[in-house]
Amino acid sequence: MVYLHKKRTVKTWHSVVIMLFLHFFTQAIHAQSEVDWNLVKRGEERFLSPLYQKQNVMLSWINGSSWLFYQQTSNKGNEVILVNATNGKKELLFKNLTHFITQYKALLADTSITVHNFRLYSLYMLNNDPNTVYWKKSGKTFAYNKHSQKLTLSNQQIDRNFTKSVENGMNTSAHTKDSLYSMLGDAYNLYLRNNQSGEQIQLTYDGKENASYCNKGATNVIKAGNANGMWWNHVYIYCMYDDSEVGNLYLINALSKNRPTLKTKKMPLPNEKNVRQYKLFWCNADTKKWGILPINGFQDAVININYKVQNQSILFTRRNRGVDTLELCRLNLLTGKETMLIREVVKPHLNLTFSDYKVVQNTGDIIWWSERSGKGNYYLYDKNGHFKNKITSGNELIAGAIADIDTLKQTIVFAGYGQEKGFDPCYKHFYKAKLNGKKQEVLTHGDGTHDLLFSDDKRFAIDSYSRINLPTVFNVVSIEQPKHYYEVVRRSDVDLKAAGWQPPRLISLKANDNKTMLYGIMYVPFNLDVNKKYPIISNVYPGPQDDQLPRAFTLDDNGNQSLANMGFIVVNIAPRGSSPLRGKDFYTFGYGNLRDYPLADDKHCLETLAKQYSFIDLSRVGIYGHSGGAFMTVAAMLTYPSFYKVGVAASGNHDNNIYIQWWAEAFHGLNKKIPTNIELAKNLQGHLLLVSGDVDDNVPYASTLKLANAFINAGKRFDMLILPGKDHSVWSDYYQNKVRYYFFEHLIHLKKEDINIIIHQ
């Protein structure tokens, strides 16, 4: 009995100690749990953007010249600075701003204009003469002479000379250019009329709803203007999208007036028999030959027509359903005959972002993008599809979109990724290369992602670059001499920092294979205390078509900075398989493993960060994402249920077998079932909030409902929010604050539950 009494006494003291610990621990947690909503607000884009815009700088070319200008606020007012692109020399347009405004108000008859509020948008020079600058305002043309400082009204025609492209020769009118023939249509079918003889012939009989040769909403009356195609001389073509056998998606709009309304949309699912069919109708009115041309080449081919006519022909591409073969073909418009020019086969699948071509107009040569070496490059073929040479070069280069083709100098300017050492490989740079492949030069300089804006004569370009932690820097570069460049001006973050803003941190770390470098962003609270412990939240998006990681300067991207200001560390890291900008091996990493491929990288990166930063609490991990990010969020929580404690998944494609056809077939494989989150429902341990709009026609919320049903069948507790009237983009104040509250309540423990989560009461 005594022994038992002593044992009970020890147990009682253990209980008291535990209760005291829990009491003080809870008190400590609660001491941190009040939200500083003012600090959260000061991290929001809508609060920070006006501060950033106070000293907005935007460079523009002066039309008709090699000069550019920008406007900048000073204590004197809004100053206009001219820059000579050839040497970088700057000068004020208005040396006496007050004198200019006096003249401007009088000529414009607007007394509200001041030295601080006037803005000039498009400026003009004549024959590159900087002595007189023109602009238009309120229907008037103004001329300002820099030497005399006199402002006058002018009759000078300064409208920019836009030359309308006539190279394709296509005519969207119902009638041929000589009016000899007209193409008529009823609700679905085509009729050819000879306007000279009056003869009218019905050409098609198979037109129907969702497979019509005519305009949507056309009546059964046969008339001009109903037909959908184009004329080239006396040849008519129309590429029809035949969705008549494709299955329907049904959505109910519950917020319609009086009673809910039904929306029906065609949506093919992976591995279904009936998908969109492309039918190219062709008619030669002179030879009286017409019909559907057999150009598809593959079963269920995807066709893309280039309507620019060269030598009586047009080009088109066709892609197979397995998304691993692309063919470039020529169609003779007079005969309807097709010739295959270039064939590209890439396993396991093509790069859908960059696979394309351009035509060199004066030679007809073809610039073809290919990943045959494992890295995307441009190759040159002659007009008949015979290989000539490789154009672009670089061991790590991924060639991107072509910005310009100079047919006279036989050069291209193109975007490129990964070649410049020491930078995020997804930063965009620009290069100039000779079409013969014998010379390539980098045009852009600086640690950031770049964009080019050419001068009218394309001799110079404004190179604007930035990073998530660097406001925009404006350089000017000579296209002819790329080593000749200079900085003009850069955006200021002084007002942002004065308001307490701090830039997020760029991070780079190894993937789960301990070899591949991954890149991302870490957001910390503006009032970070490195001696405290903070929960960490991973904002995820797996790709593969885009990693959605912001590279350019952005304020509070996806609300991550304002979320961090609640007392979190928020990270956004692009896993392997997430981006087409990093080469075939990286881009196709998840092929055949569409559910699971990004999960290990995310977990590994969070564990690595916790080792690097002592203020990260790895026992409190959250994860959230939208669309594919929602799919990844749930997959991560169900694969590593003891690691990820809290998740928010919005508009998620949790079952890719009922998502868009091309997505699954391209990134997982044809005729393959994709593992789903639904199959893992029994693994749920943490707190999970599922969100969807009820009229989402991108990722129908049937995926969310099926997942919810699986959790119910597994007896799992979860939370769910359906947003009435919201489509795929669920973003709103309500949604953003729901995310904030959910993480705060389950990772930091709020004292109370606010009734109104918009005004926080």
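The values are calculated or read from the model by the stated rules, or taken from the named source; none is laboratory data. Predicted model only: the values in this text are computed from it and were never measured. Every residue, glycine as well, gets a Cβ built from its backbone with ideal geometry; the counts of neighbours run over all protein chains shown. What goes into the accessible areas is simple: the full protein's heavy atoms, side chains included, and nothing from ligands, DNA or RNA. Shrake-Rupley method; radii C 1.70, N 1.55, O 1.52, S 1.80 Å.
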>> Name the residue that is surrounded by the fewest Cβ atoms within 10 Å (Cβ to Cβ), counting only residues in region 624-679 that are of a type in the set (A, V, I, L, M, F, W, C), without any contact (Cβ under 8 Å) to a residue 60 or more places away in the chain and farther than 28 Å from Glu272 by Cα.
In response: Phe643
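With Thr335, Thr339, Thr353 as the choices, which residue is surrounded by fewer than 19 Cβ atoms within 10 Å (Cβ to Cβ), hydroxyl-bearing (Ser, Thr, Tyr) and touching a helix residue (DSSP H, G or I) at 6+ places or on another chain (Cβ under 8 Å)?
Testing whether each residue is surrounded by fewer than 19 Cβ atoms within 10 Å (Cβ to Cβ), hydroxyl-bearing (Ser, Thr, Tyr) and touching a helix residue (DSSP H, G or I) at 6+ places or on another chain (Cβ under 8 Å) leaves just Thr353.
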>> Please go through region 713-732 and give me each residue that is open to solvent by 40 Å² or more (accessible area, probe 1.4 Å), of a type outside the set (Val, Ile, Thr) and part of a strand (DSSP E or B), ordered by number.
In response: Asp719, Met720
> Before we move on, is Lys347 open to solvent by 30 Å² or more (accessible area, probe 1.4 Å), over 21 Å from Tyr587 (Cα atoms) and of a type outside the set (A, V, I, L, M)?
Replying inline: no
> Given the conditions (1) touching a Pro at 6+ places or on another chain (Cβ under 9 Å); (2) surrounded by 13 or more Cβ atoms within 10 Å (Cβ to Cβ), which single one is not true for Gly520?
Replying inline: (1)
> When you go through (1) surrounded by fewer than 17 Cβ atoms within 10 Å (Cβ to Cβ); (2) within 23 Å of Glu487 (Cβ to Cβ) one by one for Leu68, which number turns out not to apply?
Replying inline: (1)
> Between residues in region 698-718 that are over 17 Å from Trp663 (Cβ atoms) and residues that are among the small types (Gly, Ala, Ser) and assigned to a helix (DSSP H, G or I), which pairs lie under 6 Å by C-beta distance while being six or more apart or on different chains?
Replying inline: Ala710/Ala681; Phe711/Ala681; Ala714/Ala681
>> Looking only at region 394-446, how many residues end up being open to solvent by 50 Å² or more (accessible area, probe 1.4 Å) and at positive phi?
In response: 2
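Collect the residues in region 359-381 that are closer than 24 Å to Asn233 by Cα and open to solvent by 20 Å² or more (accessible area, probe 1.4 Å), keeping them in residue-number order.
Matches in region 359-381: Val359, Gln361, Asn362, Thr363.
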> Pick from region 306-321 the residues that are open to solvent by 20 Å² or more (accessible area, probe 1.4 Å) and under 29 Å from the mean Cα position of the chain (by Cα): which of them is nearest to Leu184 (Cα to Cα)?
Replying inline: Tyr307
> For residues in region 447-467 being open to solvent by 30 Å² or more (accessible area, probe 1.4 Å) and under 17 Å from the mean Cα position of the chain (by Cα), which is farthest from Gly422 (Cα to Cα)?
Replying inline: Asp451
>> Which of the strands (runs of 3 or more DSSP E) found entirely inside region 197-268 contain at least 1 residues meeting this: in contact with a Cys (Cβ under 8 Å, 6 or more places away or on another chain) and either farther than 20 Å from Asp694 by Cβ or of a type outside the set (Phe, Trp, Tyr) (or both)?
In response: 235-242
> When you look at His654, is it assigned to a helix (DSSP H, G or I) and under 19 Å from Thr633 (Cβ atoms), yes or no?
Replying inline: no
> Which residues, counting only those in region 550-577, are open to solvent by 10 Å² or more (accessible area, probe 1.4 Å) and either over 23 Å from Tyr534 (Cα atoms) or assigned to a helix (DSSP H, G or I) (or both)?
Replying inline: Pro550, Arg551, Ala552, Phe553, Thr554, Asp557, Asn558, Arg576
> Could you list, in sequence order, the residues of region 235-293 that are aliphatic (A, V, I, L, M), within 30 Å of Thr317 (Cβ to Cβ) and open to solvent by less than 60 Å² (accessible area, probe 1.4 Å)?
Replying inline: Val235, Ile237, Met240, Val246, Leu249, Met267, Leu269, Val275, Leu280, Ala285, Leu293
> How about region 80-94: which of its residues are out of contact with any Ser or Thr (no Cβ under 8 Å at 6 or more places or on another chain), assigned to a loop (DSSP other than H, G, I, E, B) and closer than 21 Å to Leu452 by Cβ?
Replying inline: Asn87, Gly88
>> Any residue in region 41-54 that is farther than 21 Å from Arg490 by Cβ sitting within a Cβ distance under 6 Å of a residue that is open to solvent by 90 Å² or more (accessible area, probe 1.4 Å)? List the pairs, counting only those 6 or more apart or interchain.
In response: Phe47/Lys41
>> Being open to solvent by 50 Å² or more (accessible area, probe 1.4 Å) and within 30 Å of Lys266 (Cβ to Cβ) is the filter here; which residues of region 195-213 pass it?
In response: Gln202, Tyr205, Asp206, Lys208, Glu209, Asn210
> Any idea which of Met125, Met170 is closer than 30 Å to Val360 by Cα and either open to solvent by less than 50 Å² (accessible area, probe 1.4 Å) or modelled with pLDDT of 95 or more (or both)?
Replying inline: Met170
>> I need a count of the residues in region 578-593 that are open to solvent by less than 10 Å² (accessible area, probe 1.4 Å), touching a residue at least 40 places away in the same chain (Cβ under 8 Å) and in a loop (DSSP other than H, G, I, E, B).
In response: 3
> Looking at (1) touching a Lys or Arg at 6+ places or on another chain (Cβ under 9 Å); (2) open to solvent by 10 Å² or more (accessible area, probe 1.4 Å); (3) assigned to a loop (DSSP other than H, G, I, E, B), which is the one condition that is false for Thr472?
Replying inline: (3)
